[in-house]
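To keep things clear, I will list the structure first and then write my remarks on it.
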Amino acid sequence: MSYFAHETAVIDQGCKIGLDTKIWHFSHIMSNCTIGKNCNIGQNVVVSPKVTVGNNVKIQNNVSVYTGVICEDDVFLGPSMVFTNVINPRSAVERKEEYKPTLIKKGASIGANSTIICGNEIGRYALIGAGAVVTKSVDDYALIVGNPGKQIGWVSEYGHRLKFNTEGIATCPESKQMYRLNENQVFELH
């Protein structure tokens, strides 16, 4: 086996799990999931049928990744964060054909206890603060906090708040990577 699964983890048939991925206590990887390499699936995580998880994704404890969610590479899902997959769920009404897709793009981080309402996209390297409730799509590099979630700024690929000068240029204090803010969009400068 090219990945590690704790003895209490359950992995259903038809799953593809990448090299060096770790699946911890009491987690359930349901049928026909694809999980990339070098992922860390924390304790008590459920990955529902047909979910796709990219490479180097960290899913912290007590997260359910429902059918319709796609996580690209390098995504971080914080402890006890929540996805939804139906807008108007009812116990007595089956709505499996109404699942709305949710895309978490490369490098995005979703904070502990936050909620992502289905049908939205979380942009590349966006940072969703702990406890935020995301009700609409989020731009690349956006910093979102609160309920409902509101954008309060921009962050670098390393997760540092960006401070743009009068020319619309900012530098990450850790990586020294430079960014440009143009027409309310952030772009990495090369």
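Laboratory data are not the source of any read-out in this text; all were calculated from the coordinates shown. Everything numeric here is computed off the predicted structure, so don't read it as measured data. Here the Cβ positions follow ideal geometry from the backbone for every residue, glycine too, while neighbour counts run over all protein chains shown.
More than 21 Å from VAL145 (Cα to Cα), in contact with a His (Cβ under 9 Å, 6 or more places away or on another chain) and either of a type in the set (A, V, I, L, M, F, W, C) or surrounded by fewer than 17 Cβ atoms within 10 Å (Cβ to Cβ) (or both) - does that describe any residue in segment 52-61?
no
Residues checked against (1) surrounded by fewer than 19 Cβ atoms within 10 Å (Cβ to Cβ); (2) at positive phi; (3) touching a Ser or Thr at 6+ places or on another chain (Cβ under 8 Å):
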residue	(1), (2), (3)
LYS100	yes, no, no
SER137	yes, no, no
ILE144	no, no, no
SER156	no, no, yes
GLY159	yes, yes, yes
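Does ILE23 qualify as being out of contact with any helix residue (DSSP H, G or I) (no Cβ under 7 Å at 6 or more places or on another chain) and closer than 21 Å to GLY78 by Cα?
In short, yes.
Within segment 89-131, track down each residue that is assigned to a loop (DSSP other than H, G, I, E, B), closer than 15 Å to VAL69 by Cα and among the hydrophobic types (A, V, I, L, M, F, W, C).
Across segment 89-131, the qualifying residues are ALA108, ILE117, CYS118.
Within the set of pairs 6+ apart or on separate chains, which have a first residue in segment 155-169 that is touching a residue at least 24 places away in the same chain (Cβ under 8 Å), a second that is hydroxyl-bearing (Ser, Thr, Tyr) and surrounded by fewer than 15 Cβ atoms within 10 Å (Cβ to Cβ), and C-beta atoms under 9 Å apart?
SER156/SER175; GLU157/SER175
Working only within segment 133-158, note down all residues that are assigned to a loop (DSSP other than H, G, I, E, B), in contact with a strand residue (DSSP E or B) (Cβ under 6 Å, 6 or more places away or on another chain) and of a type in the set (Gly, Ala, Ser).
SER137, GLY149
Any residue that is without any contact (Cβ under 8 Å) to a residue 12 or more places away in the chain and touching a strand residue (DSSP E or B) at 6+ places or on another chain (Cβ under 8 Å) - is there at least one of those in segment 122-132?
Within segment 122-132, the subset without any contact (Cβ under 8 Å) to a residue 12 or more places away in the chain is none.
No: segment 122-132 contains no residue that is without any contact (Cβ under 8 Å) to a residue 12 or more places away in the chain and touching a strand residue (DSSP E or B) at 6+ places or on another chain (Cβ under 8 Å).
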